[in-house]
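The values are calculated or read from the model by the stated rules, or taken from the named source; none is laboratory data. Please read all numbers here as calculations on a predicted model, not as lab measurements. For neighbour counting, all protein chains shown are included, and Cβ atoms are generated from backbone atoms with ideal geometry for every residue, glycine included.
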């Protein structure tokens with residue numbers, strides 16, 4: 001006999017049953033993470049520190065905390081001051097080993113997020129992907145000895161490299177003290193791991209966040225005196241055609257009317273912020289969501305355009321994210337006849353009030369401190 005729990009138990013009861021089933025797995029996962037971190041803390045697992053500054057940008061939760069736009073913000077702020085290299089694992093790429101990004105690489109070669117960064121800052125930075133961050137850093141130094149700053153993309157859990165500056169991103173909508181360890185929640189590490197970072201950025205804050213909200217978050221994080229906390233927001237720009245060779249019909253969402261229609265197409269971890277943003281405007285919004293980093297197949301596009309065809313409106317558009325756009329523009333299955341109707345919405349980081357300049361100043365101070373220490377060590381070695 002088959003039992004349908006949804007017919008026997010209400011929502012709260014079902015949640016209690018699922019929590020009870022997952023709790024032992026969450027405890028086991030937490031024990032494994034604790035042992036691994038202690039092994040690094042006691043030197044049982046090796047950490048390598050490099051002569052040039054390494055800045056890690058990461059998180060302790062699964063899914064989108066806005067890591068890529070924050071990495072882009074740091075690059076934009078620092079590339080004139082340093083010879084910047086970005087090193088990423090290249091999540092869900094179809095290749096292995098160390099790969100240096102070039103004009104011939106694709107999202108399948110290096111991953112969609114590194115490709116997005118490279119495409120935006122091509123000629124201004126060096127970018128590479130490698131599963132082993134230590135090997136990747138050594139290879140970058142061998143390739144270009146002018147590199148004097150490495151940004152480690154999603155490096156908080158990769159403790160084999162000891163960064164000079166550890167930046168931890170926390171999503172305002174999923175703060176760690178309100179979450180639980182996987183698989184019961186979305187935490188990759190316990191809240192106590194926050195103690196390893198130098199700078200915390202609470203991301204995706206609402207524009208109307210109050211000073212009281214900020215004080216309460218700082219109190220609950222209970223950081224040490226040297227750990228700095230900043231608050232950032234996500235800002236969306238005007239739509240950009242995914243295929244720029246086509247004439248642009250939609251230059252501002254403000255021009256949309258009630259009889260227009262949008263198909264919001266996403267393959268990211270947290271699509272709801274974009275969906276909420278689009279629903280502020282006059283057009284009707286239909287949502288199609290795929291898994292994070294999803295590579296669209298020929299069948300996917302058949303299904304997508306079936307839904308798109310059923311939309312009713314004077315003007316119809318497909319709107320996607322910048323990360324999805326880099327996979328779509330390189331996808332051979334996207335029908336050429338439909339290229340004029342698809343756009344992406346660029347996402348930018350904005351810090352609250354004057355915090356942006358404070359964040360950059362603090363980061364530069366920590367980076368330059370390592371360079372001064374390294375120069376002093378070299379001078380002492382020469383004198384000996």
When you scan the stretch 344-356, do you find a residue that is at pLDDT 95 or above, more than 23 Å from the chain's Cα centre (by Cα), outside any helix (DSSP H, G or I) and surrounded by 16 or more Cβ atoms within 10 Å (Cβ to Cβ), even just one? no
Subset of the stretch 77-101 that is without any contact (Cβ under 8 Å) to a residue 40 or more places away in the chain and assigned to a loop (DSSP other than H, G, I, E, B) - its residue that is surrounded by the fewest Cβ atoms within 10 Å (Cβ to Cβ): 80
Considering (1) modelled with pLDDT under 95; (2) touching a helix residue (DSSP H, G or I) at 6+ places or on another chain (Cβ under 7 Å), say which one residue 87 fails and leave the rest. (1)
Quick one: is residue 17 modelled with pLDDT under 95, farther than 16 Å from residue 165 by Cα and not assigned by TED's automatic domain parsing to the domain that holds residue 203? yes
Selection status of residue 318, closer than 25 Å to residue 207 by Cβ, surrounded by 19 or more Cβ atoms within 10 Å (Cβ to Cβ) and either in contact (Cβ under 8 Å) with a residue 40 or more places away in the chain or in the same structural domain as residue 115 (by TED's automatic domain parsing) (or both): no
Return yes or no: is residue 202 in a helix (DSSP H, G or I), crowded, with 18+ Cβ neighbours inside 10 Å and touching a strand residue (DSSP E or B) at 6+ places or on another chain (Cβ under 9 Å)? no
Exactly one of (1) surrounded by 14 or more Cβ atoms within 10 Å (Cβ to Cβ); (2) over 21 Å from residue 117 (Cβ atoms); (3) touching a helix residue (DSSP H, G or I) at 6+ places or on another chain (Cβ under 8 Å) is unmet by residue 214. Its number? (3)
Do any residues in the stretch 38-51 that are free of Cβ contacts under 8 Å to residues at least 60 places away in the same chain have Cβ atoms under 6 Å from those of residues that are surrounded by 11 or more Cβ atoms within 10 Å (Cβ to Cβ), where the two are at least six apart or on different chains, and which pairs are they? 39/45
Among the residues that make up the stretch 305-326, is at least one of them over 24 Å from residue 249 (Cα atoms), in contact with a helix residue (DSSP H, G or I) (Cβ under 9 Å, 6 or more places away or on another chain) and modelled with pLDDT of 95 or more? no
Residues of the stretch 57-76 being more than 11 Å from the chain's Cα centre (by Cα) and either surrounded by fewer than 17 Cβ atoms within 10 Å (Cβ to Cβ) or not assigned by TED's automatic domain parsing to the domain that holds residue 143 (or both), in sequence order, are 76
Among the helices (runs of 4 or more DSSP H) contained in the stretch 236-340, which hold 1 or more residues that are over 20 Å from residue 64 (Cα atoms)? 298-310, 322-329
Has the stretch 59-67 got at least one residue that is in a helix (DSSP H, G or I) and at pLDDT below 95? yes
